[in-house]
Amino acid sequence: MDLCEQSPSYVRAIAPYQPGKPISELAREMGLKEKKIIKLASNENPLGVSPKAKSAIKKAIAELGRYPDGNAFDLRAALAKRYGVPAECIVVGNGSNDLLEMAAAVFLGPGRSAVYSQHCFAVYPLATQSRGARSIVVPAKNYGHDLEAMAAAIAPDTRVVFIANPNNPTGTFVPGGELEAFIARVPRETAVVVDEAYTEYLPRELRYDSVGWLAKHPNLILTRTFSKVYGLAGLRVGFGFMQPAVADLLNRVRQPFNVNSLALAAATAALGDRKFVAKSTQMNRAGMVRLERALRKLGLETIPSCANFVTFRVLHAQAVYQKLLRQGVIVRPLAGYEMPDHLRVTVGTPGENERFLEALETALD
């Protein structure tokens, strides 16, 4: 018998995650110069790395011969101070998707189920299926979470509910009051994982204190990342807030030394670079307004976004995507998210945004 057939059928049925196309790959395929390509496909910070993080990385290089701090003491201490939670409530991960995988490893398995929305982040179904658990996919409402339907979909065997707020890839947002009311309805034996990878991009009037909910909702797990507004996507470092007993379980399945030394040093420094974060969010808001207005002027329907990207509907989306690639502009097609007529574009620098709009206008002709 073939060795691969010894793998569980639910593993063999997984469709591998498809990342955004790298600049180097497009350069090879199209014969383009890398410097002339702009990538607006993966929701990265167009300003790059925080200056404080760069300085911390340089200092940390001298210690690369040693293993990183497996308990992430300095980073957890900095996060505890910033958010006012005990360090034992914090778990660090190799990107926030590592935290999502840990939660699935702890609470899911054959004979159990997870609830999540249509058009959700790709890691939710991947983490669920890889544990042999059943996926309960709730139809989206206006491309976002239908909390009433999600509450009704929770089954006796449901052990995890995944919610991204703001949502990726649609950018939709659930107001804090509605989200907490939903969490309060979920049975205590079911973990509610709220993925807040884009929370720093929320305007002040939409922000809510989810960290403050932890004391009231012991089944709540919050995940966040340094990959977006902090500009550390290439280092892969995320973190989660939860009750100490839940953190203890996640740490049991967490890989030893799962966050490398450079990532730990950079994240700790980036957390204190509020000037860089403010500059990033301000540029994002201005770019969002520019892109949404321009897309509507082109007659394209956009999904209102609270993140750092805009998703828009366009006829022949795959063909338009290919035309953009030939012009050296990388965006993200969303057919894999059951949105074959949509493309997602990350908000870039002012120059990148204009380059994208010019290329899109050409691609639509």
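Throughout, read-outs are computed from the coordinates displayed, never taken from laboratory work. Bear in mind the structure is a predicted one, so any value in this text is a computation, not a measurement. Please note: Cβ atoms are built from the backbone with ideal geometry, for glycine as well, and neighbour counts cover all protein chains shown.
Listing for the model above:
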quantity	calculated
Lys, Arg +1 and Asp, Glu -1 on Cβ, resulting dipole of the range 35-182 about Cα centre, debye, nearest 20	760
Virtual spin-label span in nm between L315 and K275, 7 Å along Cα→Cβ	5.0
Calculated from backbone phi, Karplus (6.51, -1.76, 1.60) coupling profile of the range 358-365 in Hz, x at Gly/Pro	5, 5, 5, 4, 5, 5, 7, 5
Additional length obtainable on full extension of the chain from N71 to A335, 0.36 nm per residue less Cα span	91.1 nm
J(HN,Hα) series, the range 191-198, from Karplus relation 6.51 cos²θ - 1.76 cosθ + 1.60, nearest Hz, glycine and proline x	6, 9, 9, 9, 8, 10, 4, 10
Built amide H within the under 5 Å cut-off of F309, gap 5+	V347
Virtual spin-label span in nm between L3 and R28, 7 Å along Cα→Cβ	2.5
Dipole-positive endmost among L249, L264, L295 within the range 221-304 (Cβ charges, Cα centre)	L295
Charged-residue dipole, Cβ positions (Lys, Arg, Asp, Glu), the chain about Cα centre, Debye nearest 20	980
Positive-end residue of P203, V106, Y124, charge dipole of the chain with Cβ unit charges	P203
Most to least packed among 250-262, 192-204 [average Cβ atoms within 10 Å]	192-204, 250-262
Ranked packing of 300-308, 146-154, 9-17, most packed first, by mean Cβ within 10 Å	300-308, 146-154, 9-17
Theoretical FRET efficiency, 1/(1+(r/R0)^6), r = Cβ-Cβ of Q282 and V11, R0 45 Å, to 0.05	0.55
Amide N proximity, the range 6-24 versus S135 label position 7 Å along Cα-to-Cβ, cut-off under 16 Å	9-19
Integer Hz, Karplus 6.51/-1.76/1.60 couplings in order for the range 50-61, x for Gly and Pro	4, x, 5, 5, 4, 5, 5, 5, 4, 5, 6, 4
Antiparallel content of DSSP bridges confined to the chain, in %, to 5	50
Backbone N within the range 175-208 under 20 Å of label point (7 Å from E148 Cα along the Cβ vector)	175-187
Burial order of peptide ranges 125-138, 24-37 (average beta-carbon count within 10 Å, highest first)	125-138, 24-37
For A164, distant residues with modelled amide H under 5 Å away	D195
Convex hull volume per residue in cubic angstrom - Cα atoms of the range 8-75	232
Spatial extent of the range 8-47: Rg and Dmax, with the Cα atoms as the point set, Å	15.0, 45
Residues whose placed amide H lies under 5 Å from that of A191, excluding near-sequence neighbours	V160, V161
Out-of-range pairs (alpha-carbon distance over 26 Å; input K228/K297; K21/K52; K58/K275; K35/K279; K36/K323; K59/K275)	K228/K297; K21/K52
